[in-house]
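Reviewing the structure listed below.
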Amino acid sequence: MSPPPEAPTDLIRSEAQLAPPISPPSVPRMSFLNGLQSKSNSFVPGNTSSAGRVTSLTAAQAEQRVMADFMDAFMRVSGLPLELSGKECPGSNCFGMKISGFCQIIHEANSPIIRQECGLFNSKLEEMAVNQPHNARCFAGIQLTAVPVRNGSEHVVYFKTGHVMPARPAARDFAKVMHQLSGAGLETLTQKAKKAWLAIPVMEQERYRASVDILAAFTRKTSGKAREDEVDSDHAGPLLMREAQRYIEKNSAKQLKFSEVAQAVGLSPNYFCSKFRDFTGLTFTNYLAGIRVACAVRLLSEPSRRIKEIAYDTGFNSISQFNRVFHAVTGVSPSACRLRGGA
């Protein structure tokens, strides 16, 4: 694959006015994707006959092609490096990709202290990105982001990108980095490392966040499709819907939207609404109303609680809405329910 072209100079700049283009990772990206062929049945449900296996393999290869094309397009458009990192595709150096410049210099020095520092940083970055993208800066001030990639409910790997500075550094800012390198016994690399550090590209944060948003949107789309295949199975479907019910019950007092619940269980909003209604026999709105009213009924048994207070505490926007929904669900008003003892 040819390296990505240089990004526009008004978006990415360095101390040298224009930093060298970020090279694409030299670790073959398809190594991870090829590994997924052995898991093709987890991406494409099918029978175990020879014909079924061929269908699954063909579909898995199509998924791999989409992933590879997306990664290539992302790097060319954003100018950022991109790699998949995880047990399926162990990376190189501290970032899961081989990049020239500052990081290559300090890693080639093979300092156990620096390797431990970078290893702990990346472990923490991935730990914080299990459920959503996480952005952090390493000891050298370099900005890195991990975006989780899921196959249905299973967390598979991470997209990792970044390796840019969020703002143009000054030469005097290198003092803290130099102190870290000296502590690792790398004093002799100070001048060489400083020159490479000042040449790290700078990307405007609005553009950087937009690039991360593209990655997150792609992973939601791909994981959502796999999740929908999972829901269609007799076993996984009820489990996911019960997971949605638990999420609704836990968050019913908030201004909860069906799109939030859909995202929490890894489904597209429209698909979630359809499956949720099939499973519960109720629309999301009616189910949520029932949960809120049930909570209100319990609270009405406490004489010290005012009805208006209960209305807002259970997620209703106004007392009139509370009265209307409460009557629609129970057939009586909140006041009448309280007179009956809250039952």
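Points to keep in mind about this one:
- Top-ranked residue of the range 104-144 - restricted to ones that are within 24 Å of residue 171 (Cα to Cα) and among the charged types (D, E, K, R), ranked as surrounded by the fewest Cβ atoms within 10 Å (Cβ to Cβ): 108
- Summed over the range 127-147, residues that are in contact with a Ser or Thr (Cβ under 9 Å, 6 or more places away or on another chain) and in contact (Cβ under 8 Å) with a residue 60 or more places away in the chain total 5.
- Output for the range 170-183, where each listed residue is of a type outside the set (Phe, Trp, Tyr) and crowded, with 19+ Cβ neighbours inside 10 Å: 177, 181
- Within the option set 91, 101, being buried (at least 18 other Cβ atoms within 10 Å of the Cβ), at pLDDT 65 or above and small (Gly, Ala, Ser) holds for one residue only, 101.
- Residue within the range 259-281 that is over 30 Å from residue 148 (Cβ atoms) and not aromatic (Phe, Trp, Tyr) present: yes
- The range 265-281 - residue that is outside any helix (DSSP H, G or I) and within 12 Å of residue 241 (Cβ to Cβ) and, of those, modelled with the highest pLDDT: 281
- Check on residue 262, buried (at least 19 other Cβ atoms within 10 Å of the Cβ) and assigned to a helix (DSSP H, G or I): yes
- Filter result (closer than 21 Å to residue 255 by Cα, charged (D, E, K, R) and in contact with a helix residue (DSSP H, G or I) (Cβ under 8 Å, 6 or more places away or on another chain)) within the range 271-318: 277, 292, 308, 313
- Residue within the range 282-292 that is within 23 Å of residue 222 (Cα to Cα) and part of a loop (DSSP other than H, G, I, E, B) present: no
- Any hit, the range 288-304, residues being more than 16 Å from residue 327 (Cα to Cα), without any contact (Cβ under 8 Å) to a residue 12 or more places away in the chain, surrounded by fewer than 15 Cβ atoms within 10 Å (Cβ to Cβ) and under 34 Å from the mean Cα position of the chain (by Cα): no
The values are calculated or read from the model by the stated rules, or taken from the named source; none is laboratory data. Bear in mind the structure is a predicted one, so any value in this text is a computation, not a measurement. When we count neighbours, we look across all protein chains shown, and the Cβ atoms used for this are built from the backbone with ideal geometry, even at glycine.
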